[in-house]
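For reference, the structure discussed in these notes is given below.
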Amino acid sequence: MSGLVSVAGGSMDNKFPAQLFPHFYLDGPPDLKPLHLYGGWGSYGQVLRAISKTAQTPWEFQAQHVAEGEMWVPVEPVVTPLLPPNAAAKIFSGPPVSPDDFPEHMQHFYVHHCKDSFFTMGQLLGEHFNFGRKWCKDRIKMGRMHKFVDCLKYKKCELEHTLERVPRYHNLLKDVVCDIPSALLAELLHEELTLQKDLEEFQPSTTGGALGYFPLEDFEGQKEACLVYPRGEALDSLNFHRVVLEFNDGKPPFMNMENAPLVFKLNGSVRQISTARVDDEATIGVRLDHFCGVWMMKDGQRPRPLQVIQLEECCTSISVSPHVRAELVVATESGAAYHWTVGSRPQKFRDERSNLYFNAKSLWRWCEFSAHPRVMVFADRTGAELTDSRSSDCSHTLFRIGKTAGCKSGERVFLAKYLGQGHAHHHLIATQFSAYVMDERMPSVPALKWEHMMESPPCFAQIVPALDSKGTSKILLGAQKAQETMLLQYSGGREEPCRAHGPVQKLCSPCESLTIRQLPHRQHKVKERLAVPAAGLAAAQNEGFLSVFQLTGAGDIFCQMLKLHSDTHPEPSRNIDSVESLSNLNSQSTQVSEGQEESAEETKKEGKEQEVSDSELFSDSDSEREQYQQRLSQVEVVVNDERDSHASDAEEGISREPSSVPDSSMRSAQINSARPVRPASPETASKELKLIWKKWLASLLVEATAKEHCLEHWQLRTRDMMRFKVKYRDRLEEDQFLSLRKDLTDAMKNRQLLIHKGTYLPPLEVAPLPEAVDPSDWPDDLSQRLTASWGGDWSNWWDEKLGLNRDTKIEALRRKRRQEKRAKARNRVALSGSFTSSVSYQDDLSGWSSGTSQYLGSDGESFVNSQSAAEDTALSEPETLPKSPVTQRRPTSQATERSSPESFKSLRSSPSKPQEQDSAMVISQSQNQEQGQAPTVETDSLFSSSKTALKPSLSSQQKPKLWQQQDYLSSLFGSQEPSQDPGQVDDGSLPVHSAAAMSQRLGSSYSLRRPSQPRASSQASQPQRKKSRMGF
Amino acid sequence: MLHHRWQDAAHYLAAYSQMLEETTAHKQSLACEIIWRLGTEVLQHHPNSRLEDFNALYERMKNSGVKNYAKICLEHSFHLLLNGNFNDAKRQLSVAASWRYGKQSASQSMELKLIHAYCGFLDYFIWCTKKSSGTSSDANTSREMHSYFRQASVTLQEIITQPGVWDPFVLSYVDMLEFYNDQEGALKVLQNYAYNKDYPSNPNAHVYLYQFLKRHKAPPAKLISTLKVLHCLVPSHELMLEYCSLLLKSEVEEDMQDCLTIAMNLLDYPSWKYDLNAWNCLLKVMTVLKKNGLKHLIDKEWEKRRDLWLTMHYRNCHGKKDSEENAKLLFVKAKVSKIFGEHKATINSLLKFWGFSTRKTAKRKGKEEKGCLFQLMIKC
């Protein structure tokens, strides 16, 4: 097939376009600054007149960048794993290497590679030390040190097990005992780690990619191809895998990977695989760091290794000749380039010690073949030259970083590739910003330039030749770090100048393909695995399908299919399917995720259901089903039964977030037929793919768990410590235990609860409830607050504490009290008129107190109502009054308790002058002060009397009373703030009124001592009696 | 956009246009360019986009970021050209050509030069239409034509003096000069374009010169010297066959030797590997050389290439392939190898397949080839 293409293209390739697009040719270094990554869009480049065969049309022009290209639409929204995960892959996860970590590395080296680090000195010193038990003459006994050295291998507490001698020996020998002086080692290590850190960003050595794919001759009607890839722990085993392509109408070709690969174990990591098919043989060149090897593969035969060369310098490039069999070109870091014909010594044809055009401080060199079998491309970071290998000094520039190519400052060449399959004279030069197609007949001026808009520099490239003269050649660019893959299309170079077709298209990459709904630690593992930098790229075109293979650094190979949509009217069936299935899939996946949380049984059931549906899926044709089964088995590692449990929770949601794209684009497709509408790429993965991924992940996770091992710890020997014998359980107990276990499993199966009653276990001891905490025992502020918050109205408490709700409360209470008063007034028959002077004052007070009572609870209400007059003063408390469950429970007793402190307070507070008073009250204040002195004495007496009187009833409540008192005091003396207690305001106005009012207050306190008396109003109306009380 | 989801991109872009409000001049101009590029791309893939939409976008972006004025003007006129609005494009270009904006326009000198050049290029097309439509007697049209010619020639001359690849401009300029019988001027332009060291080595420049010389019946020596330069640059060029035939006519020994080298150089390229004309040419050259008793030249060239040619042209598989696909080619190749004196090695390998191939091809292609092959066998 390739031969046919080359024949068809070959004769045409000799034509040079009659007209080229205009282009400036300038000398000098690039001066453009890289500003953004979007330069590749919306530009036509240049135009020239098209050579139209029909002369009637006035003038036709063609642009360098054509908006429309071939429409390659991915068949699936994600990549497909082609092979089971590389079991032996080692991923260095965790934080990136820091050069400052070198002590840790040194420690590891000393402890775990002691043979390397101490061997020489150990030999020399060995004869003076004796590690045995025996005592020898002239030798130092190191018996105990043995134990110490043993312990070093384990992770352990660093403070433990220091022997006295160790530091002493350390001080004595630390400079001597290492083979490599530690200072030197540290320096070198630091340097190396710095280098490693740079390599993490970009590895120049993997340029070119370690993945090869070439078609084999059709064998018995079967299309076959060979995939060459590295695998193993460090990608150090080379696999030749024969792939059988099976075609179904309208479906992407199926890659049958059934054949076992042929494996060659190599002496290092495979960095690059270069393949070329010449005539009837395929040549495979493999590059390791210091070795290069050649394999040849004839159709229908096993690949056979031919020759291996070893190079002193690190090898940076290998390229197999596409023209002559078994010829290669190899470049090394020193700048030497060799032309290597298999069977003979490589001939050095170029030795370039420095960089080509300017000093780029890079050792990367690259060699490729060109249209002439004896002329090679020699490239480094600054440009590329065409070198004739027959004469030593015949070379001219193919490409250089400069103004002519419109380079940006800082731009460097990262890849050069001969595009012989597409056009015999074309080369691809890729920099971190752009991709250039160079025609070697017209060097220095790029025939075509794209801005590829990749985030990381491309270092893999593949050319897929055009199918016919009208089609476009496809260039695939791949990057390491982000696994980006870009598809560029171009045409021309023969009769017409090169033109780019369509905008750059980004293909799926393994790392972004999955949104895996998994347990977090698994998800992390899978993510890590998929995000390993790419290591290779290959592509193949089969009957309107483009297969793109991607190799990651972990040795996993992924494949994606792109379908060519040639007709202007896309078939909408797939879109509709995807839209419809979207909801189903979503609902299904949510079901699954719910199922995970339920029980293992449930998930198992679902797994069965799913498999049933899978089998339904392929009921239409058996062959498809078979294929599908193969695909499944292909990505699966044969594992034990444990797999199932992993598979069940390895459910992944491949469905991307639903979007309205397919729907709307379809609509627009119906509206308009002038411009071909790009068929929307599928939004959700097909069920087959999902299952393939599931299997793949399952096998990946199984490996991961199998490999997982704990860090070694130093184990203490406990035999000496555990002297006692373990008693054997008696028979009955054993039976009980077994039956219990059985019950438990039964219960789990039936999804029931296992109740203690149903078992034969001894009855449970009833644990006594802890004693209820009495909040009143904890009088401090914090405890109160906690109690309040436990009761649920912490905010109220806090408001109260700060006095924020004072005004509203006052207002509410006043209103209520007024109503009550009014209601009472109707009841009051005779005495109401005699207290006219104090009514207003009473009102004030009552409003306040009733508010408090309301707050105290509904059962307190009746009490308040019944003897509201008496309570007026008694309950007019500052806001610090705790609102505790206790108070709610016993309103009556509380009222009695508070009577005494209240009376105390009301008198005591008068000397402390409230600051909020109006200016009108200033005069009265002085009176207040004068009067205030006298009652204090009385208060004391009153207080004591009340105390004695209350003693029997209060004996149980002594403590609350105490804290309440303290509280009052604190509130009183701490109340110099602007937020004043309303009680104090009232107190301030007290002396203005008659002494009767005063006495009334005191009388009320007296009256409270006898709550049994229902007629409080009558008491309040007896000033005489109160006065006598005062006297007492 | 990289995934070609234009609809989504358009939504995001609409939101991004807020960036134009950005006060930082740098960011604003950046946003401007991004919106222009992305917007154009989205429009190009919009199923219902009209020319008016494009015009609106171009006009707005042109004026919101002065830094890209010239570039956007150029792209705008390209867009108009590609969509058949020749006159609008011309108007755009002439407007842009007269644009002045202090420092800003100086920094865009390259774009402005291109604008001028394309302006002249379009003048040339107008000139062409006038030329084809206007009857020659019409003095009015010829005057008009002449004015267009002057306009175009000034601008084209200007761009051509700049080093670069100016194939369309040079061609149109030369076409006009030729029309006004300014052969010398045209030749000067072409020679400058081909031989000036400041210019990139453009094979087309030499091809144009060669074609011009050929058109004007230049002596073969001149043609040969032109092609000699071309051969140095592109040994695989199509014109090399013509070059060979030219050289063969001269009958000087040195030319003969060159001729052989050229023909063999051509066949060094795998792209000519299966080309019957090239092989025929080589065979012709070799037979002529052999006739003239210059066999040693052939041997000399052969020694240089023996290894390569044996692996590249004369392997078993090639014989097999040629016999299946192109028996004539096989015939010529065999003859060539015979002259090289490699008939023992190569013909034997070819013979291996003849039994196979003669049977097969005889059925397919008839007696002619069969006879041909047998004839060859006898000759060998």
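The values are calculated or read from the model by the stated rules, or taken from the named source; none is laboratory data. None of these values were measured; they are calculated from a predicted model. Here the Cβ positions follow ideal geometry from the backbone for every residue, glycine too, while neighbour counts run over all protein chains shown.
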Please enumerate the residues belonging to the stretch B:126-169 that are among the charged types (D, E, K, R) and either at pLDDT 85 or above or out of contact with any helix residue (DSSP H, G or I) (no Cβ under 8 Å at 6 or more places or on another chain) (or both). B:D138, B:R143, B:R150, B:E158, B:D167
Do you know which of the residues in the stretch B:86-125 that are over 29 Å from the mean Cα position of the chain (by Cα) and charged (D, E, K, R) is modelled with the lowest pLDDT? B:K103
Taking the residues in the stretch B:232-254 that are buried (at least 16 other Cβ atoms within 10 Å of the Cβ) and more than 12 Å from chain A (Cβ to nearest Cβ) as candidates, determine which candidate is farthest from B:P203 (Cα to Cα). B:L248
Would you confirm, using the coordinates I've provided, whether A:A379 is out of contact with any His (no Cβ under 7 Å at 6 or more places or on another chain), buried (at least 24 other Cβ atoms within 10 Å of the Cβ) and not in a loop (DSSP other than H, G, I, E, B)? yes
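Going residue by residue through the stretch B:268-279, is there one that turns out to be within 30 Å of B:I160 (Cβ to Cβ), out of contact with any Phe, Trp or Tyr (no Cβ under 7 Å at 6 or more places or on another chain) and hydrophobic (A, V, I, L, M, F, W, C)?
Keep residues of the stretch B:268-279 that are within 30 Å of B:I160 (Cβ to Cβ), which gives none.
No, the conditions are met nowhere in the stretch B:268-279.
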Take residues that are surrounded by 13 or more Cβ atoms within 10 Å (Cβ to Cβ) and at pLDDT 80 or above and tell me which of the helices (runs of 4 or more DSSP H) falling wholly in the stretch A:75-189 contain 2 or more. A:102-112, A:114-126
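Among the listed residues A:I475, A:I463, identify the single one that is hydrophobic (A, V, I, L, M, F, W, C), assigned to a strand (DSSP E or B) and surrounded by fewer than 23 Cβ atoms within 10 Å (Cβ to Cβ).
From the options A:I475, A:I463, the qualifying one is A:I463.
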Return only the number of the condition from (1) out of contact with any Gly (no Cβ under 9 Å at 6 or more places or on another chain); (2) surrounded by 14 or more Cβ atoms within 10 Å (Cβ to Cβ); (3) within 14 Å of chain A (Cβ to nearest Cβ) that B:N196 does not satisfy. (2)
Could you tell me which of the residues A:G39, A:G28 is in contact with a Lys or Arg (Cβ under 8 Å, 6 or more places away or on another chain), in a loop (DSSP other than H, G, I, E, B), modelled with pLDDT of 75 or more and of a type outside the set (S, T, Y)? A:G28
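Can you tell me how many residues in the stretch B:47-58 are out of contact with any Asp or Glu (no Cβ under 8 Å at 6 or more places or on another chain) and either among the aromatic types (F, W, Y) or in contact (Cβ under 8 Å) with a residue 12 or more places away in the chain (or both)?
4
Mind counting the residues in the stretch B:200-226 that are among the β-branched types (V, I, T) and within 13 Å of chain A (Cβ to nearest Cβ)? Lay out the reasoning, then the answer.
Step one: filter the stretch B:200-226 for residues among the β-branched types (V, I, T), giving B:207, B:224, B:226.
Subset that is within 13 Å of chain A (Cβ to nearest Cβ): B:207.
The number of residues fulfilling the criteria is 1.
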Among the residues of the stretch B:281-310, which ones are within 14 Å of chain A (Cβ to nearest Cβ) and in contact with an Asp or Glu (Cβ under 8 Å, 6 or more places away or on another chain)? B:R305, B:R306, B:L308, B:L310
Output the number of residues of the stretch A:283-335 satisfying the condition of being without any contact (Cβ under 8 Å) to a residue 24 or more places away in the chain and hydrophobic (A, V, I, L, M, F, W, C). 2
Of those in the stretch B:291-324 that are surrounded by fewer than 20 Cβ atoms within 10 Å (Cβ to Cβ), free of Cβ contacts under 8 Å to residues at least 12 places away in the same chain and of a type in the set (D, E, K, R), the residue nearest to B:E238 (Cα to Cα) is B:K304
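Checking the structure you have, find out if any residue of the stretch B:22-33 is more than 8 Å from chain A (Cβ to nearest Cβ) and either modelled with pLDDT of 80 or more or in contact with a Gly (Cβ under 6 Å, 6 or more places away or on another chain) (or both).
Looking for residues that are more than 8 Å from chain A (Cβ to nearest Cβ) and either modelled with pLDDT of 80 or more or in contact with a Gly (Cβ under 6 Å, 6 or more places away or on another chain) (or both), one finds at least one in the stretch B:22-33, hence yes.
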Qualifying positions in the stretch B:46-99 - over 23 Å from B:S17 (Cβ atoms), within 12 Å of another protein chain (Cβ to nearest Cβ) and among the charged types (D, E, K, R): B:K90
Within the stretch A:274-315, track down each residue that is in contact with a His (Cβ under 9 Å, 6 or more places away or on another chain) and either modelled with pLDDT of 90 or more or away from every other protein chain (no Cβ under 14 Å) (or both). A:A276, A:Q310, A:L311, A:E312, A:E313, A:C314, A:C315
Could you check the stretch A:47-72 and list, in sequence order, the residues that are more than 8 Å from chain B (Cβ to nearest Cβ) and either closer than 30 Å to B:K27 by Cα or modelled with pLDDT under 70 (or both)? A:A50, A:I51, A:S52, A:K53, A:T54, A:A55, A:Q56, A:T57, A:Q64, A:H65, A:V66
Quick check on my filter: what residues within the stretch A:427-453 are within 9 Å of another protein chain (Cβ to nearest Cβ) and within 32 Å of the chain's Cα centre (by Cα)? A:M453
Which condition does B:E178 not pass, out of (1) closer than 21 Å to A:Q46 by Cβ; (2) more than 13 Å from chain A (Cβ to nearest Cβ); (3) among the charged types (D, E, K, R), if it passes all the others? (1)
Of all residues in the stretch A:409-426, how many are within 14 Å of chain B (Cβ to nearest Cβ) and at positive phi? 0
Does A:P779 satisfy being part of a loop (DSSP other than H, G, I, E, B) and surrounded by fewer than 14 Cβ atoms within 10 Å (Cβ to Cβ)? no
The lone condition B:V288 fails out of (1) among the hydrophobic types (A, V, I, L, M, F, W, C); (2) surrounded by fewer than 17 Cβ atoms within 10 Å (Cβ to Cβ); (3) within 25 Å of A:P322 (Cα to Cα) is (3)
Lone unmet requirement of (1) within 14 Å of chain A (Cβ to nearest Cβ); (2) surrounded by fewer than 19 Cβ atoms within 10 Å (Cβ to Cβ); (3) free of Cβ contacts under 8 Å to residues at least 24 places away in the same chain for B:V229: (3)
Identify, by number, the condition in (1) within 14 Å of chain B (Cβ to nearest Cβ); (2) in contact with a helix residue (DSSP H, G or I) (Cβ under 8 Å, 6 or more places away or on another chain); (3) farther than 27 Å from B:W272 by Cβ that A:R400 doesn't meet. (2)
Among the residues of the stretch B:128-160, how many are part of a helix (DSSP H, G or I) and away from every other protein chain (no Cβ under 12 Å)? 21
